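J.: The structure under discussion is supplied below as structure tokens; questions concerning it will follow.
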Amino acid sequence: MNPDQIHPVIHVLDQSTVNQIAAGEVVERPSSVVKELVENAIDAGARSVRIDLFAAEGKITSIRIVDDGCGMSPRDAALAFVPHATSKITGIEDLDTIRTLGFRGEALASIAAVSRVTLITKPRASGLIAGTKIIIAGGKTEDQGEIGAPEGTSILVEDLFFNTPARKKFLKSINTELAQVHTIMEGVCFSHPECSFRLFYNSHEQMMTDRSTRPLDTIARLYGADTVKHLIPVEVEFPFMAVTGYISQPSLSRKDTARMLVIINGRFISSAVINNAVRAGYGTLLAKDRSPVAFLSLRIDTGLVDVNVHPTKKLVRLSREKEIAEAVRKSVADALLSKDLIPAAGISVQAAVTPPAVPVPLSPSAYTYPVIEPAPSGVSESTHTGTTDSDRRLRQTELVTGIAAVHSTLPAIEVIGEFGGIYILGRTETDELVIIDQHAAHERILYEQVLLRLKGEHHSQELIWPVILHRTPRERAILRDLLPALAAEGFVLEEFGGDTFIVRAIPVVLGRMEDAGIIDEIISDLVHDASAATVNNRERITRVIACRGAIKAGTVCTREQCQRIVDQLRLTQNPYTCPHGRPTVIRFSRPDLDAMFKRT
């Protein structure tokens, strides 16, 4: 058979189909149109942008964006709808130095391919009397001519996806689509406070920001003044980048990441790497199911940022990703540890994040207080049942830890009593009442000592009588993987044949182990630890050691022992939460108490 007679199966798509496929990558939903057109307005030097959304029968029917930017000449207005026509770059080498939000020349062409677009524009300070009007439907120009118009650009997008009914069918409810637009605009407003934005839905104002040189003004407009009250500034310079913005105190947190806004070189982006770095900066200040509120702007050498990795430019690729993430983590951690983070009574202390692998050095600030490290207490017999064991545990955590006892982020606290074997009651020099969770506080103390003493010469202590552990097949498999990490922390475990392991040594920080059952509990906790997927093995083991080695809730301590717990807590680098993110201290000011008793 003649090869030319074989029926061809490969053919070149027509331009209309190509345009619609390209549009499908860039224009996913109404919010995509808003994003692309607003970014074009910002690139055009707009000082104010108005967004109007109109809806009927549960669907967004039209979108209009009006700006006072530089506008376009008649020739540029026509070229703007040609695929890959752009004023932002001239060649591939420009991709390494992009500072504009758009650059591919896809937005207008893609939007016009799946809707009816009316463009009215007039260049700024051009001396022209009339502006230019262009109407395009489904990628085809229907009308072009002159029209009276102010300087700037107005674009009306109607009948979105009229020629792609399959895509139109998958649009969500009007509320869902509006929420997507709000998400986009929140990021745009924060990243460009120098421009004012007004968003309307069916002529009703939904969002409004003013031009400002202070990002806090924009944040207050978007999220309210109460949010601003709980924010901590971040401003750090690194050799290859700078981090500025605001993060929330641990008392302000959420179950989602909706309030974590990240800007890279003026571009609002989505980055799991940066989000995780922010969480890591909080360490154990947040519980694992909570996320902080953060508004961060990163200025990074453009050569380290690839913005050309996603059709809608939502994602970026970072060349020195690990270094950038570590810089963000350190910026957040340093900012947090320079502030007084004791939550006031009545404030939600829900808070989330994977902890840093090593503790972050304490930075003295206006919120630090001088401390004198307490001398190790002598051996004494307690007169209360159970407090002998507490004495032993407290002596263990009074050993030299390597923490420089110069400043504390906690004020001096005088213990005035205890309640239920769980809470220590104290007062500060400024007459504030503080309540301290006994177990959480001692757990924090022990946690930091484990981290700081791992390199000590006497890392392990041999047991007089080795402990035999029996494990199920599943537990054996998990425990085998943990053996190297356990050895690094001071546990000496060996397989002893069959389903058994033998424990020959434990970390020194646990002190004299009088109850062998605790060793079994520690290993059981590690095998069944639910945090295995979110933290590394060292962190898991450290947390478990701290939890099992600390004074238990319900253990009645003498006032002297309570004072020792408080004094030791003041020596820690992060005295505000236990390793799991629960608060250690809550304060009641005198005005708080007066209000409770109607004395105001």
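What follows draws every value from the coordinates through simple rules; no lab data is involved. Remember, it's a predicted structure, so these values are computed and weren't measured experimentally. Methodologically, a virtual Cβ is constructed for each residue, glycine included, from the backbone with ideal geometry; neighbour enumeration extends over all protein chains shown.
J.: Counting only other residues whose beta carbon sits under 12 Å from that of Thr176, what net charge do I get with K and R as +1, D and E as -1? The partial results should precede the final answer.
T.: Details: positive: Arg29, Lys59, Lys172; negative: Glu177.
The answer is +2.
J.: Given Lys552/Lys598; Lys140/Lys168; Lys59/Lys140, which pairs have Cα atoms separated by over 26 Å? All intermediate terms of the calculation are to be shown ahead of the outcome.
T.: Working: Lys552/Lys598 36 Å; Lys140/Lys168 20 Å; Lys59/Lys140 24 Å.
Where the Cα-Cα span goes over 26 Å, the pairs concerned are Lys552/Lys598.
J.: I've got another one for you. How big is the C-alpha Rg of the range 230-336 next to the rule-of-thumb value 2.2 N^0.38 Å, as a ratio? Before the final figure, lay out each step's value.
T.: On the way: Rg = 13.1 Å, N = 107, 2.2 N^0.38 = 13.0 Å.
My calculation over the Cα atoms of the range 230-336 gives 1.01.
J.: With a Förster radius of 51 Å, plug the Cβ-Cβ distance of Arg254 and Ile129 into 1/(1 + (r/R0)^6) and report the FRET value to the nearest 0.05. Please list the in-between numbers first.
T.: On the way: r = 53 Å, r/R0 = 1.04.
About 0.45, to the nearest 0.05.
J.: Of the peptides 170-177, 115-122, 130-137, how do they stack up when ordered by the mean number of other Cβ atoms within 10 Å, highest first? Walk me through the numbers before you get to the answer.
T.: Numbers: 170-177: 13.2, 115-122: 23.0, 130-137: 20.0.
Descending mean neighbour count gives 115-122, 130-137, 170-177.
J.: Could I ask something else about it? In debye, nearest 20: dipole of the range 203-261 around its Cα centre with unit charges on the Cβ of K, R (+) and D, E (-)?
T.: Working: 7 positive and 7 negative charges, 33 e Å.
The calculation lands at about 160 debye.
J.: Suppose the chain between Lys172 and Glu323 were pulled fully straight at 0.36 nm per residue; how much longer would it get relative to their current alpha carbon spacing?
T.: Working: separation 151, 0.36 × 151 = 54.36 nm, distance 3.91 nm.
Length gained between Lys172 and Glu323: 50.4 nm.
J.: Using θ = phi - 60° and the Karplus relation 6.51 cos²θ - 1.76 cosθ + 1.60, list the HN-Hα couplings for the range 325-336 in order, rounded to whole Hz, with x at every Gly or Pro.
T.: With the stated coefficients, the range 325-336 comes to 4, 5, 5, 5, 4, 5, 4, 5, 4, 5, 5, 5 Hz.
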